[in-house]
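Worksheet: the structure to be examined is printed underneath.
The values are calculated or read from the model by the stated rules, or taken from the named source; none is laboratory data. In this text the structure is predicted, and so the values were computed from the model without any measurement. Using ideal geometry, Cβ is built from the backbone for each residue, glycine included, and neighbour counts are taken over all protein chains shown. Keep in mind that these areas ignore ligands, DNA and RNA; they rest on the heavy atoms of the full protein, side chains included. Shrake-Rupley method; radii C 1.70, N 1.55, O 1.52, S 1.80 Å.
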Amino acid sequence: MTLYQWFVFFLLVQIVHFLGTWKLYEAAGRKRWEAAVPVYNAIVLMKIINRPTWWTFLLFIPVINLIIFPVVWIETIRSFGRKSALDTFLVLVTFGLYIYYINYTQPLTHIPDRSLHPQNKTADTVSSFLFAIVVATFVHTYFVQPFTIPSPSLEKSLLVGDFLFVSKINYGARVPMTTVALPMVHDSIPGTKKKSYLKWPELPYFRLPGVEDIKRTDIVVFNWPVDTVHYFFEPKGNPGVIKPVDKKSNYVKRCVGVPGDSLSIKDGLVYIDGKLLELPERAKPQYAYKVAVDGKTNIDFEYLLKQMDVTDPVYFLNNDRRDTLLFRALTAASADQLKNTPGITGVFREIATAPEAAVFPQDNKWNQDNYGPIYIPQEGKTVALNTKSLPYYERIITEYERKDDGSKNDLKVTGSEIRINGEVVSNYTFKQNYYWMMGDNRHNSEDSRYWGFVPENHVVGKPVFIWMSWDTNGKGWKKVRWDRVFTTVNGEGQPQSYFKYFLIALAAFFIGEYFWKKRKENKA
């Protein structure tokens with residue numbers, strides 16, 4: 001829906017509200033017109049139902065308002081004496097329209113001093129539960145979201161089993177585009193393959209101001225641009241479900257190119273505008289290596305792999321000769337260690353030379369190790385558009401950017417002629433920024449090299465903190481990677497755990513609380 005469509009929808013809601021409540025307003029000692037003034041009518045309603053004025057703010061927050069509206073319906077009818085279980089049921093199943101019946105057919109007596117305390121333990125539990133959901137949803141949506149590392153693409157910087165807090169504040173919180181969805185649930189209902197959202201109505205993209213811009217080498221969580229679901233409960237073979245932007249799968253990669261950059265990859269190394277990209281000290285890029293052995297020396301590979309913390313597969317390329325091992329992922333430091341190991345005769349980093357059909361933009365021109373140069377689009381910048389450049393920007397035009405009315409652009413190519421929305425064009429101006437995301441595990445990462453640019457409206461947030469790290473291969477207490485608990489994701493130098501400081505602060509809190517209570521008891 002466009003902003004204009006939302007404005008019309010908002011006005012219709014105001015009309016529906018006025019027609020169904022104006023007599024209630026009058027019965028509460030207010031003026032009839034007060035039920036018709038947008039926003040002000042909600043403020044007045046909060047006074048009528050004896051609820052705080054700031055609840056009005058919650059009515060306009062996507063997803064949270066889905067919880068607040070039913071509460072307001074119930075509070076409204078109870079403020080006029082309709083507090084039976086049947087009344088509550090009817091106002092909920094009619095999506096508030098039961099208020100029309102009360103407004104026009106029932107005697108109206110407002111109860112201004114109605115008690116707001118729950119009448120029984122069940123009501124108290126439900127009230128507390130709803131309040132907790134509202135607070136948690138608000139924090140989850142606009143401040144901090146938990147995230148789990150599912151794949152080894154950033155191995156050594158972020159490990160499989162790391163539990164992160166992702167900040168929405170750093171780059172600015174994105175207002176949910178999917179307005180009808182279960183709170184704190186992503187694309188499906190837990191334990192099922194059913195969607196947790198409705199595609200309509202959908203808000204236009206809007207992001208609150210952030211405290212920083214995405215910088216090169218930042219680790220970023222974003223929605224996977226090319227994500228589709230082949231089926232929830234759909235028959236096998238269906239073309240798939242195209243998800244709304246904010247319901248696409250969450251990915252985490254390192255940003256290696258920002259808007260306006262010219263990026264290239266030479267022998268696996270990233271260059272920006274012709275200069276080698278310098279990674280932070282914490283980043284430990286990994287590559288695949290072939291390791292030759294003499295076949296005579298007894299090498300304790302189990303010890304070596306554990307010492308070097310190798311987590312990706314290692315295997316012989318030829319089981320008959322067993323003279324060459326393939327390490328799927330090694331850091332440069334680990335490769336140097338292997339070179340100095342007796343019995344190892346050669347360590348060679350794998351560098352792709354032949355074109356790869358799977359590499360973006362799928363034109364059999366580049367490969368994962370030798371790529372580009374490619375321009376990363378910047379908002380407001382214009383590029384020449386022809387049959388050679390179109391493959392790089394076609395998806396941007398047809399999928400990521402929209403016409404003013406919110407509909408998709410119509411792109412047609414006839415020979416060398418390119419038409420966008422019926423108009424012949426020779427250039428294109430970008431409407432938003434784009435980024436280039438890659439994994440540190442260079443030969444084991446599905447990233448921008450395979451599906452292209454990440455639009456700004458797909459950015460979720462910045463990982464800032466590891467609150468728990470779980471090693472599935474460990475046993476007992478060894479399952480917890482204690483050296484990673486309470487460590488920051490970004491920053492200078494090597495990661496440092498603040499877990500002991502947390503325990504000290506926690507102990508100080510409980511000790512202080514104990515003595516404070518003792519002092520209070522002695523005074524009494």
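Largest accessible area first, the listed residues 46, 184 line up as 184, 46 when surface is computed with a 1.4 Å probe on the assembled protein chains. Between 77, 134, 318, the Cα set farthest toward the positive side of the dipole of the chain (charges on each charged residue's Cβ, about the Cα centre) is that of 77. Per residue, the accessible area of region 60-150 comes to 58 Å² when a 1.4 Å probe rolls over the protein heavy atoms. Convex hull of alpha carbon positions in the chain: directionally averaged projected area 35.5 nm².
Report the convex hull volume per residue for region 208-348, counting only C-alpha atoms, in Å³.
On the way: hull volume 29.5 nm³, N = 141.
Measuring per residue, one finds 209 Å³ for the Cα hull of region 208-348.
The convex hull of the Cα atoms of region 417-524, projected and averaged over all directions, covers 15.7 nm².
The length gained by stretching the chain between residue 23 and residue 473 to full extension, at 0.36 nm per residue less their Cα-Cα distance, is 155.4 nm.
Pairwise Cα separations in region 383-479 fall into 5 Å bins from 0 onward with the following percentages, short to long: 2, 10, 16, 16, 14, 11, 8, 7, 5, 4, 4, 2, 1, 0. Our summary gives region 339-431 a relative contact order of 23 percent, counting only alpha carbon pairs under 8 angstrom and 6 or more residues apart.
Can you tell me the FRET efficiency between residue 40 and residue 326 if r is taken as the Cβ-Cβ distance and R0 is 51 Å, rounded to the nearest 0.05? Working shown, then result.
Numbers: r = 70 Å, r/R0 = 1.36.
With R0 = 51 Å, the Cβ-Cβ based efficiency is 0.15.
Residues 254, 519, 322, 419, sorted by accessible area with the largest first, give 519, 322, 419, 254 [1.4 Å probe; ligands and nucleic acids excluded].
Taking all Cα pairs closer than 8 Å and separated by 6 or more residues, the relative contact order of region 285-340 comes to 49 percent. Working from Cα pairs under 8 Å separated by at least six residues, relative contact order for the chain is 14 percent. Straight-line cross-link reach from residue 403 at under 16 Å between alpha-carbon atoms covers these lysines, not counting any fewer than eight positions away in the same chain: 412, 431. Over 26 Å apart at the Cα level, from the set 168/215; 194/215; 168/247; 306/479; 243/479, are 194/215; 243/479. Both radii were evaluated on the Cα set of region 89-223; the Rg over Rh quotient, with Rh as the Kirkwood radius, amounts to 1.10.
Can you give the charge dipole size of the chain about its Cα centre, rounded to the nearest 20 debye, using +1 on the beta carbon of Lys and Arg and -1 on the beta carbon of Asp and Glu? Mind showing how you got there, number by number?
Values: 63 positive and 51 negative charges, 367 e Å.
Charge dipole, the chain, about its Cα centre: 1760 debye, nearest 20.
For the pair residue 465 and residue 266, label points projected 7 Å from Cα toward Cβ lie 4.2 nm apart. Phi angles across region 199-212 convert, under the Karplus curve 6.51 cos²θ - 1.76 cosθ + 1.60 with θ = phi - 60°, into 3J(HN,Hα) values of 6, 10, x, 10, 7, x, 5, 8, 10, 5, x, x, 9, 7 Hz, Gly and Pro given as x. Would you mind telling me the share, in percent, of accessible area of region 435-512 contributed by carbon and sulfur at probe 1.4 angstrom? Result for region 435-512: 65 percent of the exposed heavy-atom area is carbon or sulfur.
Each eigenvalue of the Cα gyration tensor of region 473-524, multiplied by 5 and square-rooted, gives one semi-axis; in descending order these are 36, 16, 5 Å. For region 1-128, the convex hull drawn through the C-alpha positions has a volume of 113 cubic angstrom per residue. In this label model, residue 67 and residue 312 are separated by 4.2 nm, measuring between points 7 Å along each Cα→Cβ vector.
If the cut-off is 18 Å between C-alpha atoms, which aspartates and glutamates fall inside it for residue 290, apart from same-chain ones fewer than 8 positions away? Partners within reach: 267, 300, 302, 309, 312, 320, 323, 336, 350, 369. Using the average count of surrounding beta-carbon atoms within 10 Å as a protection proxy, the listed peptides 145-158, 191-204 rank, highest first, as 145-158, 191-204. Other residues whose C-beta falls under 9 angstrom from the C-beta of residue 49 contribute a net charge of +3, scoring Lys and Arg +1 and Asp and Glu -1.
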